[in-house]
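Presented below is the structure to which this report refers.
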Amino acid sequence: MPTPLDPAAGLVDHPYTVYERLRDSAPVHRVTGTDGNPAWLVTRYEDVREALANPLLVLDKRHALPGSYQGLSLPPALDANLLNMDPPDHTRIRRMVVRVFTSRRVEQLRTPIRETADRLLDALGTHGRADLIAAYAAPLPITVICDLLGVPGEHRRDFRVWTDVLAAPDPARPGAAREAVGALHAFFTRLLADKRKEPADDLMSDLIAVRDEGDRLSEDELMSLVFLILFAGYENTVQLIGNAVLGLLTHPGQLALLRADPGRLPAAVEEFVRHDGPALLAMRRFPVQDLTIGGVTVAAGETVLLSLSAANRDPRRFPDPDRLDLDRDAAGHLALGHGIHYCVGAPLARLETEIALGALLERLPDLALDIDPAELRWRPSMRARGLLALPVTY
């Protein structure tokens, strides 16, 4: 009987417990996927890492067996993005993007990111109560990525609402995701038109110039790329910051280590992302020919789900994996992917998280949870791992 990947299986509130049981019993499982269709779930570190780098496991949905996969339906202008592409188109487009997100170029954003963090903390004041997701972890990355792309401030709140709907669709509102997709399509259509009329010194204007002058991007690829940079640049980082803060507040010994030596922060970010990263699953993949994964034969076109969270808690790779340990060498974790589809925005996500945590610990020395950890609510998603709210006192 296939294992269902749904909230009833405990994958929202207790994903690591569920994945531990699955990982211990077998490396590959037949499951009912997040779209309700059959899929294969891979849970062990070595198998997941190998699959992430296997060129025979592709992202292009046209390689799926007919009727075997039904993901979120996006218009072509939003669907022609790196999460649905394989070489050579993936190589061509990724090459343009990696120039923006090199470690050296991202490091130049350190000062403006810290200024944004300080503004948000100024608004909190020096003592009180707050939801740290709504007041800090969410507005910080949306401000950074929108500033980078050149998205006007008046549109940012709407964008957050639409992306939140897509990241965790509400089963009680089956039409909400479709409405959000329509709103995003219209939003990006207007935005690109405005930027064409009045280009500025920002990434979106640069990408439009590449499209219009060099013809290295189709119009659908251009809009899809802007959509992906905004969506992923916001979603992954807000979850990473929120989960990291929760990890510290529930592990006082590790919090004390970091307060005593803030120089640990860059290495600590790697342990945060390993221990409780923003993605439970990698993007689904489809074999272009029959493959053997973890001793199981997977037929061409079947859906393969790779559990990043299960791999990062695999004791075969990380001893005592459920423990948050800032002295651990977390190198080699798979939270941000592996191979040609490794997260292109990883340097920016790391820097934002490092600065967000550093500013928080410096400015709010008495930060504490204002809720029993068992009462925290998580986003109702089988793919994303993020808090709906993080009530704190300070």
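The values are calculated or read from the model by the stated rules, or taken from the named source; none is laboratory data. Note that the structure is a prediction, hence the values are computed from the model and not measured. Backbone-built Cβ (ideal geometry, glycine too); neighbour counts: all protein chains shown.
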Residues that are in a helix (DSSP H, G or I) and modelled with pLDDT under 85, drawn from the range 209-244: ALA209, VAL210, ARG211, ASP212, GLU213, GLY214
Filter pass, ALA311 being in contact with a Phe, Trp or Tyr (Cβ under 6 Å, 6 or more places away or on another chain) and not β-branched (Val, Ile, Thr): yes
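Would you check if there is a residue in the range 364-382 being assigned to a helix (DSSP H, G or I), out of contact with any helix residue (DSSP H, G or I) (no Cβ under 8 Å at 6 or more places or on another chain) and surrounded by 15 or more Cβ atoms within 10 Å (Cβ to Cβ)? Steps first, please.
Of all residues in the range 364-382, those assigned to a helix (DSSP H, G or I) come to 373-375.
Keeping just the survivors that are out of contact with any helix residue (DSSP H, G or I) (no Cβ under 8 Å at 6 or more places or on another chain) gives 374-375.
Now drop any that are not surrounded by 15 or more Cβ atoms within 10 Å (Cβ to Cβ), which leaves none.
No, there is no match, as no residue in the range 364-382 is assigned to a helix (DSSP H, G or I), out of contact with any helix residue (DSSP H, G or I) (no Cβ under 8 Å at 6 or more places or on another chain) and surrounded by 15 or more Cβ atoms within 10 Å (Cβ to Cβ).
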Residues in the range 101-114 that are loosely packed, with under 12 Cβ neighbours inside 10 Å and either more than 21 Å from the chain's Cα centre (by Cα) or of a type in the set (Lys, Arg) (or both): how many? 3
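Please determine whether any residue of the range 123-146 is more than 20 Å from the chain's Cα centre (by Cα) and assigned to a helix (DSSP H, G or I). Spell out how you get there, then give the answer.
In the first step, residues of the range 123-146 are kept if they are more than 20 Å from the chain's Cα centre (by Cα); the result is 123-131.
Still in the list and also assigned to a helix (DSSP H, G or I): 123-124.
For the range 123-146, residues more than 20 Å from the chain's Cα centre (by Cα) and assigned to a helix (DSSP H, G or I): present.
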Considering only the range 292-313, I want to know if a residue exists there that is surrounded by fewer than 19 Cβ atoms within 10 Å (Cβ to Cβ) and among the charged types (D, E, K, R). no
Of all residues being under 22 Å from ILE371 (Cα atoms) and in contact (Cβ under 8 Å) with a residue 60 or more places away in the chain in the range 260-304, which is farthest from the chain's Cα centre (by Cα)? Just the residue, please. PHE272
Just name the residue that is surrounded by the fewest Cβ atoms within 10 Å (Cβ to Cβ) out of those in the range 256-273 that are within 11 Å of ASP329 (Cα to Cα) and charged (D, E, K, R). GLU270
Single residue of the range 173-200 satisfying the filter (outside any helix (DSSP H, G or I) and over 27 Å from the mean Cα position of the chain (by Cα)) that is modelled with the lowest pLDDT: ALA200
